[in-house]
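This report concerns only the one structure given below.
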């Protein structure tokens, strides 16, 4: 069993000051496969001090220098794609066939790099220069469900802005984070600019969020944990960017292509074994069309190949952990107990699986909006199909949620679809299954988060705005100061 005993702090692999160790469990076998060192508050202090010192010089680097650095990171990262795929398959059960998990970060790095080529760090309003400057030391806390992509988005935008970083992955996905640290080291990221440590959120996350020398916290995870991060950060009045839970609705208007909407909904909702905060886990269908849509849903579910995530033919792996598996099973049972109609899946493991945290992809129809499976984020392959009678009612049901991360609309009429989309209280809306765009911002309304990631707004999360008054315009001034 492999043992990971080091943190990456100030450009070196170092032993935690007072380490403890936990075993990592392979979700496909339920057997331990590695042990990982856990740190404490003293390690956070050490990492923050390194980042604070490095900020003094790294914040002064030019955009061209940071562009060249990101190019080096991309080159090294691409050379280790297969290692990342194997690591996340073992630690969190993501199939190696899910190339979006490991190839997506390359696209995000390129977007951040290209933004630097055109972004105006200085602009003019009359005799005033408005500057954008790096905010400082950033504490970045990433989740296990998109262990590399989420971490890369946070890190690369922070570095692009000229910030320095202290990063903590989920305790479920530390190995892929260690691989990323190796990539940054090989790419020549200056010492102290990126620091990585592992540990439980209640210790490491709390210390990072409340640290007086941390200027900004970016957290992706559950709404409950995000609330704790926000409270800790408030003690020292620092900026907080939170991407939290979701219970996204896909509203299928009566004129929509039912088959396309149904098949897409299963594919998007059950991608990553349903462990996605943007999953359209509520599908709203007109009450007269419920029975028409069921066969399409069932057929699409039947196409999943459940199995070992290391097998290239597997399209659905296990749930990440025993605790998450048990939570999903409780939610499925609640749907049955509260009277929803089960049309696919159900409780227990799929046939032929006696070990591993495998769960049946499950579809309920005739779900009432007040049912548990329609209200709570399940974070597994469970779809609740909710009937509606009018579009007004559909909009009310969709918005009747504490969450507002994503939303989806299907209709044959783009004008009608857009008008409906405008009424949805969520941060990203997709029409007829359109793909998202990594140049545009991502974030949530309500309890789904604060702030935005990706694109220009994502870059500006890592910067402060400064107004400098009393300077007459010169034609070459802004060009000189880019």
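Each reported figure results from applying straightforward, stated rules to the coordinates on display, with no laboratory input. All of these numbers come straight from a predicted model, not from anything done at the bench. Methodologically, a virtual Cβ is constructed for each residue, glycine included, from the backbone with ideal geometry; neighbour enumeration extends over all protein chains shown.
For the stretch 389-474, count all C-alpha to C-alpha pairs, find those more than 15 Å apart, and express that count as a whole percent of the total. Value for the stretch 389-474: 67 percent of Cα pairs lie more than 15 Å apart. Both radii are taken from the alpha-carbon atoms of the stretch 65-152; with Rh as the Kirkwood radius, Rg/Rh is 1.11.
Measuring r between the beta carbons of residue 419 and residue 439 and using R0 = 22 Å, the FRET efficiency lands at 0.35. Going from the residue with the fewest nearby Cβ atoms within 10 Å to the one with the most, 257, 413 rank 413, 257.
Distance from the Cα centre of the stretch 144-180 to that of the stretch 201-259, in angstrom? The stretch 144-180 and the stretch 201-259 have Cα centres separated by 15 Å.
Computed over the chain, the per-residue total of -39500 (n - 2.57) for DSSP H runs of n ≥ 4 gives a 222 nm mean residue ellipticity of -11500 deg cm²/dmol, rounded to 500.
Listing 359, 57 from fewest to most neighbouring C-beta atoms within 10 Å gives 57, 359. Given in Å, the Rg to one decimal and the Dmax to the nearest whole number for the Cα atoms of the chain are 23.1, 75. Against the chain, whose longest principal axis is taken from its Cα atoms, helix 258-270 shows a tilt of about 50°. In angstrom, the C-alpha Rg and Dmax of the stretch 249-431 are 15.8, 50. Here the contact order of the stretch 249-431, divided by its residue count and restricted to Cα pairs under 8 Å and six or more residues apart, works out to 28 percent. Spin-label pair residue 237-residue 68: with each label point 7 Å from Cα along the Cα-Cβ axis, the two points sit 4.0 nm from one another. Between 0 and 90 degrees, the angle of helix 41-58 with respect to the longest Cα principal axis of the chain falls at about 60 degrees.
Measuring nothing but how far apart in sequence close Cα pairs (under 8 Å, 6+ apart) lie, relative to its length, the chain scores a relative contact order of 19 percent. In terms of surrounding Cβ atoms within a 10 Å radius of their Cβ, 70, 373 rank from fewest to most as 70, 373. Against the longest principal axis of the chain, how steep is helix 149-161, in degrees 0 to 90 to the nearest 10, with axes from Cα atoms? Around 30 degrees separate the two axes. The ellipsoid that matches the Cα gyration tensor of the stretch 243-355 has semi-axes, each √(5λ) in whole angstrom, of 24, 17, 15, with the longest given first. In terms of packing, defined here as the mean over residues of other Cβ atoms within 10 angstrom, the peptides 281-290, 120-129, 427-436, 380-389 line up highest first as 380-389, 281-290, 427-436, 120-129.
Contact order, relative form, for the stretch 47-196: 37 percent (alpha carbon pairs under 8 Å, 6 or more residues apart, mean separation divided by residue count).
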